[in-house]
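Data first, discussion second: the structure below is written as structure tokens.
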Amino acid sequence: MNNFEHLYIHWPFCRSKCFYCDFLSFCNLDNLSQEYNDILCSQVKSFNNLNKIKTIFIGGGTPSIWPINLLEKFIIELKNNFDFSELKEFTIEANPADITQDKLACWKNLGINRLSMGIQVLDDNALSKVGRNQTVAQAINAINLAQNYFDNISVDLILGLPGVDDNIWENTLKIIASWPLKHVSVYLLTLYKKTKLFDLIKKNELFLLNDDMISDIYEKTVNFLELNNFMQYEISNFAKVGFESAHNMAYWDRKAYLGLGLGASSFDGTTRYINEKNLNNYLKIENSLLDFAQKENLTEQQVLLERLMLALRTKKGGDLHSMLYFLSDEKKQDFLKELNELKNLGLIFVDGGNFYLTKKGFLLENEIVLKLI
Ligand code: SF4
């Protein structure tokens, strides 16, 4: 792995577990922060190849609880071992409850230039129903403080949380549209087995909106955000012109990236690597950056599927000629036939050499990909 220009770093610790979360994250293990940080630092040191890095994304977990002295040590290590001269975007994910002036100032001094704030929805009752450890007042305060330090602020929202009706959602959108944001991500709630939310839904203690309601709210959300100059550039992502996330675009364009930290994945253009996912095992690792726990060499069919899925997630869509180039003659005919049917159903646009999903098509992306391949 030496051809990457993009770095992902995983901080796996959280203050509490949100009921819908199936990410690799742990609560009440702050005592392991130092040890975890030491491993991250030693992995960075062992790399020492001075790759030119264009984007960095620190995600989690909750990176906004990464103790500042440790984060500082880690970023110094990054700067010593990678070339930051072409660094364009350096994002940290943050929970509004963790935001303080001191933290914002430190992050800025360390070179972070983009904040991604997990807002989810602006309603205390709905947040507490899903165990989300933050309040509306904290979100407003966090944005007020953050705008003094960062020009590039993004917020994450979750569409479809239990107890969030049209009014609450519209109100959330109106408030965030009044904030000084450059980017908004709107994720559809996914219900995962083995989460507390799954149990609560099963016991009829909480209820989800049906698919028609979700699709109606999604469409209204896209329209509202576009009216407020947040242009949709991917199924879940909206940005003011020039503020599309360069890091995410690298994933969707299948560029090589290195993932550091528990369970993080890396990609070199042909092979995907996954780091150790067990925290105890991970903490025993010594200088073994290339000793990935799993490696997956993608078959031609997997590459094709991945290209199609990633291309269709984005507004610019896929290039028809390069897609056809990878298909056998027989599959080419099937592909073009399906494409035409989807076009007639209003789910896909074909425009010159490109094909891309309509707003209606975005919600059916998985089904459409399966139909095409
Ligand atoms: S803060 Fe994020 S990673 Fe942590 S439990 Fe909540 S959703 Fe999961």
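Take the alpha carbon atoms of the stretch 300-373, find their center, do the same for the stretch 13-27, and report the distance between the two centers in whole angstrom. Cα centroid of the stretch 300-373 versus Cα centroid of the stretch 13-27: 35 Å apart.
Can you compute the FRET efficiency between residue 190 and residue 80 using 1/(1 + (r/R0)^6), with r the Cβ-Cβ distance and R0 = 35 Å? Round to the nearest 0.05. Working shown, then result.
Numbers: r = 39 Å, r/R0 = 1.11.
Working from the Cβ atoms, E equals 0.35.
Taking each of 79/103; 129/295; 220/343 in turn, the alpha-carbon distance tops 30 angstrom for 129/295. Annotation: amide H of residue 120 within the under-5 Å range of 156, 157, 158, sequence separation 5 or more or interchain, hydrogens built in the peptide plane.
Within the assembled protein chains, the solvent-accessible surface assigned to residue 76 is about 90 Å², based on a 1.4 Å probe.
Does the stretch 193-346 classify as rounded, prolate or oblate by the C-alpha gyration tensor (a ≥ b ≥ c root eigenvalues; a/c under 1.5 gives rounded; else a/b over b/c gives prolate, otherwise oblate)? Can you show the working numbers first?
Numbers: a/c = 1.65, a/b = 1.14, b/c = 1.45.
It is oblate, given that a/c is not under 1.5 and a/b is not larger than b/c.
For the stretch 238-309, what class follows from the C-alpha gyration tensor (a ≥ b ≥ c being the square roots of its eigenvalues): rounded when a/c is under 1.5, otherwise prolate if a/b is larger than b/c, else oblate? Since a/c reaches 1.5 but b/c is at least a/b, the shape of the stretch 238-309 is classed as oblate.
Restricting to Cα atoms and excluding each atom paired with itself, what does the Kirkwood estimate give for the chain in Å? It works out to 22.0 Å. By the helix-only formula, in which each DSSP H run with n ≥ 4 contributes -39500 (n - 2.57) and the sum is divided by residues, the chain has a 222 nm mean residue ellipticity of -12000 deg cm²/dmol.
By the rule of a C-alpha distance below 17 Å, with chain neighbours fewer than 8 residues away ignored, the aspartates and glutamates paired with residue 331 are 300, 306, 319, 341. From the Cα gyration tensor of the stretch 109-177, with a ≥ b ≥ c the square roots of its eigenvalues, which class applies: rounded if a/c is under 1.5, or else prolate if a/b is larger than b/c, or else oblate? Judged from the Cα gyration tensor, the stretch 109-177 comes out prolate (a/c at least 1.5, a/b above b/c). Across the chain, the mean sequence separation of Cα contacts (distance under 8 Å, 6 or more residues apart), normalised by length, yields a relative contact order of 16 percent. Cross-link check: pairs 174/203; 196/255; 52/240; 108/255; 54/315 evaluated at a Cα-Cα cut-off of 29 Å; pairs beyond the cut-off: 174/203; 196/255. Cysteine residues of the chain whose Cβ has no partner cysteine Cβ closer than 4.7 Å: 14, 27, 41, 106. Near residue 359, which aspartates and glutamates are there with a Cα under 13 Å away, not counting those fewer than 8 places off in the same chain? Answer for residue 359, where 13 Å is the Cα cut-off: 216, 219, 226, 234, listed by chain and number. Residues whose amide H falls under 5 Å from that of residue 133, counting only those 5 or more places apart or on a different chain, are absent, with hydrogens built in the peptide plane. Label positions at residue 174 and residue 48, each projected 7 Å from the Cα along the C-beta direction, are separated by 5.9 nm. For the stretch 49-57, putting each phi into the Karplus relation 6.51 cos²θ - 1.76 cosθ + 1.60 with θ = phi - 60° gives couplings of 10, 6, 4, 7, 9, 9, 9, 9, 10 Hz, in residue order, rounded to whole numbers and with x for Gly and Pro. If you filter the stretch 226-265 for chymotrypsin sites (Phe, Trp or Tyr not before Pro), then keep DSSP loop positions with at most 16 other Cβ within 10 Å, what is left? Here no chymotrypsin sites (Phe, Trp or Tyr not before Pro) fit, given the DSSP loop and packing criteria.
Have a look at 213, 197, 247 and report the one farthest towards the positive end of the charge dipole of the stretch 196-254, computed about the Cα centre with Cβ charges (Lys/Arg +1, Asp/Glu -1). Going by the charge dipole, the pick is 197.
In this label model, residue 344 and residue 306 are separated by 3.5 nm, measuring between points 7 Å along each Cα→Cβ vector.
Comparing 221, 299, 358 in a Gaussian network model of the chain where C-alpha atoms under 10 Å apart are linked, the largest mean-square fluctuation is found at 299.
Taking each residue as 0.36 nm, the span from residue 15 to residue 212 lengthens on full extension beyond its C-alpha to C-alpha distance by 67.5 nm. Each residue of the stretch 174-184 is assigned a 3J(HN,Hα), and the resulting list reads 4, 5, 5, 5, 8, 7, x, 9, 10, 7, 9 Hz, derived from the Karplus form 6.51 cos²θ - 1.76 cosθ + 1.60 (θ = phi - 60°), x at Gly and Pro.
The values are calculated or read from the model by the stated rules, or taken from the named source; none is laboratory data. Because the structure is a prediction, the values reported are computed rather than measured. FYI the Cβ positions are ideal-geometry reconstructions off the backbone, even for glycines, and counts take in every protein chain you see. For accessibility, only protein heavy atoms count, side chains too; no ligands or nucleic acids. Shrake-Rupley method; radii C 1.70, N 1.55, O 1.52, S 1.80 Å.
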